[in-house]
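Structure first, commentary second.
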Amino acid sequence: MDHSPYPPNNDNDSVLLDPADRPVIATADDALSAKQATVAAGYYSDEYLQYFTHAPVRMMQPIIKRGTHARVACIDRAILSFSKLYPNSTCSQIVVLGAGMDTTFFKSVTWNISSMWFEVDHAFVIQKKNRLIQKHAKELQVSIQQQENGDCLLTRTCDTTTSTKCSCIGHDLRQSPMQLFEKLMTRGFKPSVPTLFLLECVQMYLPEDASRALLSQLTSACGKYASVVIYDPIAQYDAFGQVMERHLVSAGMAATSLLQTRTLQHQLDKLTECGFEIAVGSDMWSAYHTVLTDEQRIKANTCEVLDELEEWKMLMQHYCLVVGSSIESGFCQVVGEQEATSSPMGFVKEQSCISTRQEKPST
């Protein structure tokens, strides 16, 4: 039986799926399966995942589950840290680009943050998610308002006054970012309020020109109000990275921007070249020891025995967590940099890299 949330097109689908898009769209299913296995192993809790898949839990190596746990922990910290920068704001925004079957909006019901949420993905994915939310609206504690082109607006039905709405928008991120912002603003997005953009394993599936156009549009549209958090592979120039590259090429994604941003420094410089005043980040091996809490690492250690220590370290060194923002926001502050004693994200100078925007000389 096919348990994928992405079955072949049928009469209920208003978006015809180009077969060439299937490898990219299927990544949402891959991420969902990894999270499902990680939750089942006890690394963290997510009661909402069950409503987005009926597939049995897949067998996965402990290093995959531990890496997934680290990814989730880092993104959760990013959202919570960003929200703390604007504790009195009812107008901050969180935009999840390439959202797939992400459940963070539902999890955030207990986080006491007051942001408007937006989720963006290929229209085919958004329509699938729309139907699953409709089916389980009661369990997910939301009401759903259908909008044109398969988009929808979610409103919490539980007793809470925070993070009450999420607009789900269909858009292919390889297409015009200006059109994306037109869609966002149609759904109530405000460019002049603090906004956190999240991209998890998104850039690696975009051509380099599309990736740069998207990042540049974030700063062009929102200026100093834009912050971004990116979780992505870094292929580097070694044998492990060559395996990553072959996998993507065999999946029909030879034009991936992964090949142009092979290192952590490449990722950071790209953000400042695209308009962010400052960017900071680390590979996930360092992030695991600085961004994650002691409690999260202890929890991971109690879930499973990890025998593949060298492979685990190598895997984590080939993924990165990078943050871009204005200097004024303080979101990219690093412990030990310019006498800073704290960092919203937990970055430490000795285990992080930094890039700042270079102003072009006047002519």
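Do we find a residue being open to solvent by 60 Å² or more (accessible area, probe 1.4 Å), at pLDDT below 95 and either in a helix (DSSP H, G or I) or of a type in the set (K, R) (or both) anywhere in the stretch 87-98? No, there is no match, as no residue in the stretch 87-98 is open to solvent by 60 Å² or more (accessible area, probe 1.4 Å), at pLDDT below 95 and either in a helix (DSSP H, G or I) or of a type in the set (K, R) (or both). Annotation: M204 fulfils all but one of (1) at pLDDT 95 or above; (2) not in a loop (DSSP other than H, G, I, E, B); the unmet one is (1). Across the stretch 102-125, the qualifying residues are those that are at pLDDT 95 or above and more than 13 Å from L154 (Cβ to Cβ), and the one among them that is most open to solvent (accessible area, probe 1.4 Å) is D121. Checked against (1) in contact with a Gly (Cβ under 9 Å, 6 or more places away or on another chain); (2) under 25 Å from R22 (Cα atoms); (3) in contact (Cβ under 8 Å) with a residue 40 or more places away in the chain, L218 passes all but condition (2).
The number of residues in the stretch 318-331 that are farther than 18 Å from Q203 by Cβ and in contact with a strand residue (DSSP E or B) (Cβ under 9 Å, 6 or more places away or on another chain) comes to 4. Examine the stretch 329-351 for a residue that is among the hydrophobic types (A, V, I, L, M, F, W, C), open to solvent by 30 Å² or more (accessible area, probe 1.4 Å) and touching a residue at least 40 places away in the same chain (Cβ under 8 Å), and state whether such a residue exists. Yes - at least one qualifying residue is present in the stretch 329-351.
So that you can scan it fast, the table gives a plain yes or no per residue for (1) of a type in the set (V, I, T); (2) open to solvent by 10 Å² or more (accessible area, probe 1.4 Å); (3) more than 30 Å from Q267 (Cβ to Cβ):
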{"residue": "Q127", "(1), (2), (3)": "no, yes, yes"}
{"residue": "K135", "(1), (2), (3)": "no, yes, yes"}
{"residue": "E139", "(1), (2), (3)": "no, yes, yes"}
{"residue": "Q145", "(1), (2), (3)": "no, yes, yes"}
{"residue": "S176", "(1), (2), (3)": "no, yes, no"}
{"residue": "T186", "(1), (2), (3)": "yes, yes, yes"}
{"residue": "K190", "(1), (2), (3)": "no, yes, no"}
{"residue": "L196", "(1), (2), (3)": "no, no, no"}
{"residue": "S211", "(1), (2), (3)": "no, no, no"}
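Scanning the stretch 246-276 for residues that are open to solvent by less than 30 Å² (accessible area, probe 1.4 Å) and not in a loop (DSSP other than H, G, I, E, B) turns up L248, T256, S257, L258, L264, Q267, L268, K270, L271, T272.
Any residue in the stretch 26-37 that is modelled with pLDDT of 95 or more, in a loop (DSSP other than H, G, I, E, B) and surrounded by 15 or more Cβ atoms within 10 Å (Cβ to Cβ)? No, because not a single residue in the stretch 26-37 is modelled with pLDDT of 95 or more, in a loop (DSSP other than H, G, I, E, B) and surrounded by 15 or more Cβ atoms within 10 Å (Cβ to Cβ).
Within the stretch 277-292, the set of residues being open to solvent by 30 Å² or more (accessible area, probe 1.4 Å), touching a residue at least 40 places away in the same chain (Cβ under 8 Å) and not in a strand (DSSP E or B) comprises E277, H289.
The values are calculated or read from the model by the stated rules, or taken from the named source; none is laboratory data. None of the values given here were measured: they were computed from a predicted structure. Virtual Cβ from ideal backbone geometry, glycine too; neighbours counted across all protein chains shown. When the accessible area is computed, the model is the full protein with side chains, heavy atoms only, and any ligands, DNA or RNA have been set aside. Shrake-Rupley method; radii C 1.70, N 1.55, O 1.52, S 1.80 Å.
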